[in-house]
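Here's the structure, in structure tokens; my notes come after.
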Amino acid sequence: MLLLIIFIILAFCFGFVILFGPPYLPTLRPQIESAFELLDLKPGQTIIELGSGDGKVLIYAAKKGFKVIGYELNPLLYFLSLIRTYKYRKDVKIHCANFWQVDWPKSDAIFTFLLNRQMLKLDKRINSNAHKPIKLASFAFKIPGKKIHKEKNGVFLYEYK
């Protein structure tokens, strides 16, 4: 009975997220490094991660001296991120929220690992609501019809002015 309850909780936490965004897939270290190389941020600058998952990107950003704000819809991953980033809590803020439904704070960059079907929506959101100038690093998925500023290791950099 306990295993069934655990299965139901896991299925809910990981399953319902697909209605609003991509499923959890961890970003690999080479792509994280490539994203931050492309973004070319200076210490103290702020980055937003849309779909912060297990907190790996948040930790990398904090270690590099950046302020970082993560949005994660899955409550289990949100709590895992809180635990993993506790040491960096002065520079890392994580929200258990649907990033499509909240106002994003002013930032210098955005990192995401969304799906193809969400990239045009993200582009429209950045164009209409984000503070500019801002850079977007997208792992694996391109914005259809938008010029890629730079590309490295499967990460695409876009600039909004």
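Every read-out reported here was derived from the displayed coordinates using simple, explicitly stated rules and does not represent laboratory data. Keep in mind that what you see is a predicted model, and the values were worked out from it rather than measured. Cβ sites come from the backbone with ideal geometry, for glycine too, and all protein chains shown count toward neighbours.
Amide H contacts under 5 Å for H149: L157, Y158, E159, restricted to partners 5 or more places along the chain or on a different chain, H placed in the peptide plane at 1.01 Å from N. Three principal axis extents of region 2-160 based on alpha-carbon atoms, in descending order, are 50, 35, 29 Å. Available extension along the chain between K142 and V102 is 12.1 nm, counting 0.36 nm per residue and deducting the alpha carbon span. Considering only alpha-carbon pairs that sit under 8 angstrom and 6 or more positions apart, the relative contact order computed for region 2-160 is 23 percent. Over the chain, dividing the summed -39,500 (n - 2.57) contributions of all DSSP H runs of at least 4 residues by the number of residues returns a 222 nm mean residue ellipticity of -11000 deg cm²/dmol.
Each peptide in 136-146, 70-80, 44-54 gets a packing score, the mean of other Cβ atoms within 10 Å over its residues, and the list from highest to lowest is 44-54, 70-80, 136-146. Measure nothing but the geometry: give the 0 to 90° angle between the long axis through the Cα atoms of 75-84 and the longest principal axis through the Cα atoms of the chain, rounded to 10°. Once rounded, the angle reads 70 degrees. DSSP bridge analysis restricted to the chain gives an antiparallel fraction near 35%, rounded to the nearest 5.
Within region 115-161, the percentage of alpha carbon pairs spaced more than 18 angstrom apart rounds to 21%.
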